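Enquirer: Shown below is the structure under consideration.
The values are calculated or read from the model by the stated rules, or taken from the named source; none is laboratory data. Keep in mind it's a predicted model, so treat the numbers as computed, not measured. Cβ atoms come from the backbone with ideal geometry, glycine included; neighbour counts cover every protein chain shown.
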Amino acid sequence: MGQVVRQSQWDAEVAQSRHYDKIMVQNLQVVVNAGKDVWGRQKRQRALISVTLTLGKQFTSASSTDSVDDSTVHYGTLSKAIQAQFQDENMAYMSTSELSNTISRCVRNVAGSTHIYAIETDVCYLKGSMFGEGVGYITSVIENSGACSSVLYLRNVRIACIIGVNPNERLQEQPVDVNLCIDNVHHTRVDTYPELETLLFKLISQSSFQTIESLLAWLVDQLREKYFTREEDNDAWIRLRIGKPHAVPSADAPAVEITRPVRRNST
């Protein structure tokens, strides 16, 4: 494995590479014996798999001849190969990190002689979140250099709490939508997302703040103290966004976002 970098650094390297042609498969439905359910159990579950291949060369010959050749990758063949990988109901359990590696190997096999510059995989468990719209794990790797990134995310976790400066907001709880990303997450920490969501729910539901900014700063400190306690968390970064869907009648949800290193002395 090459250098592990933050997702923003990985994106910047790809953007500067002048490799622009991509093949994408989005939200491919499979059933996998991987990850954890909302109760923290190792159970088969439905997953949505998305894959993005950045090609090492432009698919000029494929576009000029209007045919699929080795300058590109057939998205239909890729989709069927990924689905076939998980058809065996007796397949042994694997972690989400292992699942992502399995998908990447499948992508490389299908690509064959096609020059692939970078591979991105996104595994999303729709039922992996008790209070939100799903939990997922994104891995990205540049094939030649080995530069890679890994991000764990919780999507739109809805939690009621006391939040706001207006008098009416101090009298009744209102829902907030929480989006959390752990950048540079260690592979051994990926499948602890049920514990992470449970802690988030407990912290936010029992809190009382006037501003989202104060709530965010407090949450980061609480996560540092109560969740990110292991040595393998040292290089991780927290990106936390909270929106108030009922705050502004003419907007979906005003939101505030914060990004901080897990360790305060990180840069």
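Enquirer: Looking at region 120-156, which of the residues that are of a type in the set (Ser, Thr, Tyr) and part of a loop (DSSP other than H, G, I, E, B) is nearest to the chain's Cα centre (by Cα)? Reasoning before the result, please.
Expert: Applying the first criterion (of a type in the set (Ser, Thr, Tyr)) to region 120-156 yields 121, 125, 129, 137, 139-140, 145, 149-150, 153.
Okay, now just the ones that are also part of a loop (DSSP other than H, G, I, E, B), so 129, 145.
Values: Ser129: 13, Ser145: 22 Å.
Within region 120-156, the match that is nearest to the chain's Cα centre (by Cα) is Ser129.
Enquirer: Checking Cys181 against (1) without any contact (Cβ under 8 Å) to a residue 40 or more places away in the chain; (2) surrounded by 17 or more Cβ atoms within 10 Å (Cβ to Cβ); (3) not in a loop (DSSP other than H, G, I, E, B), which single condition isn't satisfied?
Expert: Going through the list (1) without any contact (Cβ under 8 Å) to a residue 40 or more places away in the chain; (2) surrounded by 17 or more Cβ atoms within 10 Å (Cβ to Cβ); (3) not in a loop (DSSP other than H, G, I, E, B), Cys181 breaks only (1).
Enquirer: When you go through (1) surrounded by fewer than 18 Cβ atoms within 10 Å (Cβ to Cβ); (2) among the hydrophobic types (A, V, I, L, M, F, W, C); (3) in contact with a helix residue (DSSP H, G or I) (Cβ under 8 Å, 6 or more places away or on another chain) one by one for Ile238, which number turns out not to apply?
Expert: Failing condition for Ile238: (1).
Enquirer: Please find, within region 55-103, the residue that is nearest to the chain's Cα centre (by Cα) out of those that are of a type in the set (S, T, N, Q), outside any helix (DSSP H, G or I) and surrounded by fewer than 13 Cβ atoms within 10 Å (Cβ to Cβ). Reasoning before the result, please.
Expert: Here is the first cut: in region 55-103, the ones of a type in the set (S, T, N, Q) are 58, 60-61, 63-65, 67, 71-72, 77, 79, 83, 85, 87, 90, 95-97, 100-102.
Remaining after also requiring outside any helix (DSSP H, G or I): 58, 67, 71-72, 87, 90, 95.
Keeping just the survivors that are surrounded by fewer than 13 Cβ atoms within 10 Å (Cβ to Cβ) gives 67, 87, 90.
On the way: Ser67: 34, Gln87: 24, Asn90: 27 Å.
Residue satisfying both the conditions and the ranking: Gln87.
Enquirer: Which of the residues spanning region 205-258 are closer than 13 Å to Asn184 by Cβ, without any contact (Cβ under 8 Å) to a residue 40 or more places away in the chain and either assigned to a helix (DSSP H, G or I) or hydroxyl-bearing (Ser, Thr, Tyr) (or both)? Don't jump to the end; show me each part of the working.
Expert: First, pick out the residues of region 205-258 that are closer than 13 Å to Asn184 by Cβ: 228, 232-239.
If we keep only those that are without any contact (Cβ under 8 Å) to a residue 40 or more places away in the chain as well, we get 228, 234.
Listed by number, the list is empty, since nothing qualifies.
Enquirer: Looking at region 1-15, which of the residues that are of a type in the set (S, T, N, Q) and part of a helix (DSSP H, G or I) is surrounded by the most Cβ atoms within 10 Å (Cβ to Cβ)?
Expert: First, the residues of region 1-15 that are of a type in the set (S, T, N, Q): 3, 7-9.
With part of a helix (DSSP H, G or I) added as a condition, the list becomes 7-9.
Values: Gln7: 18, Ser8: 13, Gln9: 15.
Selected residue: Gln7.
Enquirer: Another question about this same structure. Return the residue satisfying two criteria in turn: it lies in region 16-54 and is in a loop (DSSP other than H, G, I, E, B) and polar (S, T, N, Q), and of such residues it is surrounded by the most Cβ atoms within 10 Å (Cβ to Cβ).
Expert: Step one: of region 16-54, the residues in a loop (DSSP other than H, G, I, E, B) are 17-21, 33, 35-44.
So of that shortlist, the ones also polar (S, T, N, Q) come out as 17, 33, 42.
Working: Ser17: 15, Asn33: 17, Gln42: 14.
Ranking the qualifying residues of region 16-54, first place goes to Asn33.
Enquirer: Given (1) in contact with a His (Cβ under 9 Å, 6 or more places away or on another chain); (2) not in a strand (DSSP E or B), identify the lone condition not met by Thr192.
Expert: Every listed condition holds for Thr192 apart from (1).
Enquirer: Tell me whether region 217-233 contains one or more residues that are modelled with pLDDT under 95, out of contact with any Lys or Arg (no Cβ under 9 Å at 6 or more places or on another chain) and over 23 Å from Lys36 (Cβ atoms). Give the steps one after another, and end with the answer.
Expert: Narrowing region 217-233 to residues modelled with pLDDT under 95: none.
No, that holds for no residue.
Enquirer: Within region 245-259, how many residues turn out to be touching a helix residue (DSSP H, G or I) at 6+ places or on another chain (Cβ under 9 Å), under 18 Å from Asn166 (Cα atoms) and modelled with pLDDT of 75 or more?
Expert: Selection size over region 245-259: 3.
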